1. Compute the separation of the alpha-carbon centres of the range 33-47 and the range 48-69 and state it in Å as a whole number.
2. How much net charge surrounds L73 when only other residues with a Cβ under 15 Å from its Cβ are counted (Lys, Arg +1; Asp, Glu -1)?
3. Report ³J(HN,Hα) in whole Hz for each residue of the range 27-32, in order, from the Karplus equation J = 6.51 cos²θ - 1.76 cosθ + 1.60 where θ = phi - 60°; Gly and Pro get x.
4. Quick one: if the Förster radius is 22 Å, what FRET efficiency do A30 and K54 give, using the C-beta to C-beta distance and rounding to 0.05?
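Each value in this text was obtained by applying a stated rule to the coordinates, not by laboratory testing. Note that the structure is a prediction, hence the values are computed from the model and not measured. Cβ atoms come from the backbone with ideal geometry, glycine included; neighbour counts cover every protein chain shown.
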Amino acid sequence: MSSRYLSHFPFPLSSALSPSRRCKQPITTAERAALFVNLANVNALQKDFARAKKFAEQALSLCPALPAAVRVLVYIELQKGNDVGALQILRKRHATTASGKQTRGR
């Protein structure tokens, strides 16, 4: 990210990703994953697809069934003209969530 976009923050971005002494409550895993999705969206809109993919994958490592992170990965592949890659991501995530639902129901 360019420093001109972050100049209004009173603290470095890296401190937003780690628990801060200023916060009375720690950041939950879901909140951290949402932050990574937001960062992925910003980078994807700025056409920095490598960085956007990294953030989306970090979000999925925290919350594997997070639809917003999957959407970002699909968007990145479509923007790169990789329709097959986008379908593979969707199929992989669908298979993962479908198998998880089947094992829970038994």
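1. For the range 33-47 versus the range 48-69, the Cα centre distance is 8 Å.
2. Working: positive: R51, K53, K54, R71, K80, R91, K92, R93; negative: D48, E57, E77, D83.
Here the count lands on +4.
3. 6, 6, 4, 5, 5, 5
4. Values: r = 19 Å, r/R0 = 0.88.
Working from the Cβ atoms, E equals 0.70.
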